[in-house]
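Only one structure is covered here, and it is reproduced in the block below.
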Amino acid sequence: MTDLLALTRRLESQARLAELRALRTFAASCGPIGRLRELIHCLQRERGATVLMMMGLAKRHAQRLHRYRLDSQGAHEAVVHAIDAWTETAEGDPACISARSLQQLAICSHELIGLAALRQRIDQGQLDAQSAMVAYGRVIEQMLTAAFEIADPSAHAELSAALVALLTLMQGKEYAGQERALGTLGIMEAWREGSDQLEALRLRAVQQFESLHLSAEFAPDDIRERLEALRCGELDRMVEDMRQQMTGTLAAGGRAAMGERWFDGATLRIDALKAVEDALEASLFQACAQRLADGAETGADAPVSDGAPLRSALDRYGHPDAAASLKVPWDSRLWRTLLDALHEQSQRLREADDALQAARTALAERKVVERAKAELISRWGMSEAQAYAALRESAMNQGRRLVDVAQATLDMVGVLSAQAGRARDSRPGRAQG
């Protein structure tokens, strides 16, 4: 004899508690991600205005650059407060923050400390526009990497999918920001067809498409529709037209006018992407808060499912008191019906888990690609665009997925590092210190 209903209720109560813990961890991680998102946007604006100024364009907007810097400083302080709150909250449960997340946040802190010195060097004319753009890009890249590392796609499948959509949209918007800055440089410096700089610029358009396509794949329906409308809309057509005009022969005055038109048009598109970002984040936070509120209202004793299949089975066999004490023999019809009901619930949970796993996989693959790029940049001195292009070209040549090539790159780096370590240890005199 088995007290089946009591066991079912206990397991469902434990599942509800586990779900609530996952939701709380997820909600806590959304705070620093949201603040990082705002800081990234502020730095993108600051980078763009800096390039304009350094290229001799829009000097009348010096006050705008000053305001953007103040906005970045305010956003920086908000990030610090959010990370402090997040790590303090997690002290009671250290497992909810990975060592990699903390390490990446330490790197971000170091990069942000250096922003004041970067601005000073720019103001003193110690950097050219290209170098300043690369320096800002490095800081923003670390912010994005931190957001990806903090992300915890372990809550509800719908929430995790929306989080992946938000992160990949942030990445796509950064590629748009890089294209805006690079395009301004390209127009003013009259980059020629076939040059490495122009290829890097065109790569940004490809990266944007890939990131925004992935974001739309995981986004809620209303956000997906907005992204699709933007892709097919007037802003995208305008930017594409100007992309085609970049290599034309223009006099110096014509280049200046074209540079400003390009910058303004690209800015309108980036602002439109930011509006979608805002809506997606608001939707994500609202859905998370609602699920937490629902969980708090129902409590741990409420079943994860609505319990309808179980109640239906009990009603069908006339057991009104079964909710209090149900003991059935292994060969009864009620046992079989309850097994079918539990199987139905399990199937629904598996479908939700499949969606959750898809979100986890997309985020994990994105992290692998970013880490492989970081290794190529640090070990072989590539730029971010060169590293991505190298991985992408290798994947196409081998007929493999980009993430598989990225993982193979990381594996090879690990092997080479281990071999180098053994070689150092085996040098004569090493053992003697």
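The values are calculated or read from the model by the stated rules, or taken from the named source; none is laboratory data. It should be emphasised that the depicted structure is a prediction, and the values quoted were computed from it without experimental measurement. Neighbour counts are summed over all protein chains in view; Cβ atoms, including those assigned to glycine, are modelled from backbone coordinates with ideal geometry. Surface areas here come from the heavy atoms of the whole protein model, side chains and all, with no ligands, DNA or RNA. Shrake-Rupley method; radii C 1.70, N 1.55, O 1.52, S 1.80 Å.
Report, to the nearest whole %, how much of the accessible area of region 191-235 belongs to carbon and sulfur atoms, 1.4 Å probe, protein only. Can you show the working numbers first?
Working: 1390 of 2560 Å².
With neighbouring chains kept in place, the figure for region 191-235 is 54 percent.
Would you mind working out the accessible area per residue for region 176-241, using a 1.4 Å probe, and quoting it in Å²? Spell out each step's value before the answer.
Details: 3160 Å² over 66 residues.
For region 176-241, the per-residue accessible area is 48 Å².
Add +1 for every Lys or Arg and -1 for every Asp or Glu among the other residues with Cβ under 13 Å from the Cβ of R237, and state the total. It would help to have the intermediate numbers written out before the result.
Values: positive: R231, R243, R269; negative: E234, D236, E240, D241.
Once positives and negatives cancel, what remains is -1.
If we count every other residue with Cβ under 13 angstrom of Q208's Cβ, Lys/Arg +1 and Asp/Glu -1, where does the sum land? Spell out each step's value before the answer.
Numbers: positive: K173, R180, R202, R204, R231, R243, R269; negative: E174, E179, E210, D236, E240.
Once positives and negatives cancel, what remains is +2.
Using only C-alpha positions, report the orientation-averaged shadow area of the convex hull of region 187-234, nm², one decimal. Please list the in-between numbers first.
Working: hull surface 17.4 nm².
One quarter of the hull surface, i.e. the mean projection, equals 4.4 nm².
What net charge is computed for the residues neighbouring E111, neighbours being all others with C-beta under 12 Å from the C-beta of E111, Lys and Arg scored +1, Asp and Glu -1?
That sum, taken over residues with Cβ under 12 Å, equals 0.
Measuring from label point to label point, each 7 Å out along Cα→Cβ, what is the Q14 to V80 span in nm?
About 4.5 nm, to one decimal.
Could you pull out the trypsin sites (Lys or Arg not before Pro) across region 147-204 that fall in loop regions by DSSP (anything but H, G, I, E, B) with no more than 12 other Cβ atoms inside 10 Å? Display every interim value, and only then the final one.
On the way: sites: K173, R180, R192, R202, R204; in loops: R192.
Those that pass, being in a loop and sparsely packed, are R192.
Between V415 and W380, what's the calculated FRET efficiency when r is the beta-carbon distance and R0 is 22 Å? Round to 0.05.
With a Förster radius of 22 Å, E is 0.90.
Quick check on region 8-89: what are the equivalent-ellipsoid semi-axes from the Cα gyration tensor, as sqrt(5λ), descending, whole Å? Don't skip to the answer; put the middle values down first.
Numbers: eigenvalues 389, 28, 8 Å².
One finds semi-axes of 44, 12, 6 Å for region 8-89.
Work out how much length N397 to R67 would gain on full extension: take 0.36 nm times their residue separation and subtract the Cα-Cα distance, in nm to one decimal. The partial results should precede the final answer.
Values: separation 330, 0.36 × 330 = 118.80 nm, distance 4.68 nm.
Full extension of this stretch gives 114.1 nm more.
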